[in-house]
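All remarks here apply to the structure that follows.
What follows draws every value from the coordinates through simple rules; no lab data is involved. Treat the numbers as computed from the prediction; the structure is a model and nothing was measured. Don't worry about glycine lacking a Cβ; one is built from the backbone with ideal geometry, like all the others, and counts go over all protein chains shown.
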Amino acid sequence: MKSPTALNQELRQRILNLSDVTERPNAGIHEDAFLVRRTMFMHIHGHGHCDIRLSKGDQERVLAEGKARPHRWAPEAGYVTFIVDDEEDLEPAMDLIRMSHHHFAGKQSVLRTEHQ
């Protein structure tokens, strides 16, 4: 079993392995924010408390299926919360994170094409 620190490091590395992702440590109330290009698509509070921003449709589906919890402060922005407590939580967390990344990376590609 991995320590909380090792688990957190693995989660961060998996997120950073997604295309065009950067991390902004100590990003105010978000603590550690992850951006795809310049858009924050998720952030982590402490060890494993992931707030992930989804499209409204994905947010509704994920919450209805019980795959995440509603975000306490910004559900209207599409955020859900997922807590990574152990190694078994890594892949379900990454499924949600990839969903968010895909949505926001794709949205930016469309915007770039429209402005060219």
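Take the residues in the range 41-57 that are in contact with a helix residue (DSSP H, G or I) (Cβ under 7 Å, 6 or more places away or on another chain) and more than 15 Å from residue 12 (Cβ to Cβ); name whichever of them is surrounded by the fewest Cβ atoms within 10 Å (Cβ to Cβ). Break it down stepwise before answering.
To start, the set of residues in the range 41-57 that are in contact with a helix residue (DSSP H, G or I) (Cβ under 7 Å, 6 or more places away or on another chain) comprises 41-43, 47-48, 50, 52-55.
Next, only the ones that are more than 15 Å from residue 12 (Cβ to Cβ) stay: 53-55.
Details: 53: 21, 54: 25, 55: 16.
Among residues in the range 41-57 that are in contact with a helix residue (DSSP H, G or I) (Cβ under 7 Å, 6 or more places away or on another chain) and more than 15 Å from residue 12 (Cβ to Cβ), the one surrounded by the fewest Cβ atoms within 10 Å (Cβ to Cβ) is 55.
List the strands (runs of 3 or more DSSP E) inside the range 27-91, counting only whole elements, that have at least 2 residues being of a type in the set (A, V, I, L, M).
On the way: elements: 32-36, 39-45, 49-53, 79-83.
Correct list: 32-36, 39-45, 79-83.
So, in the range 63-102, of the ones that are in contact (Cβ under 8 Å) with a residue 60 or more places away in the chain and not acidic (Asp, Glu), which residue ends up nearest to residue 47 (Cα to Cα)?
84
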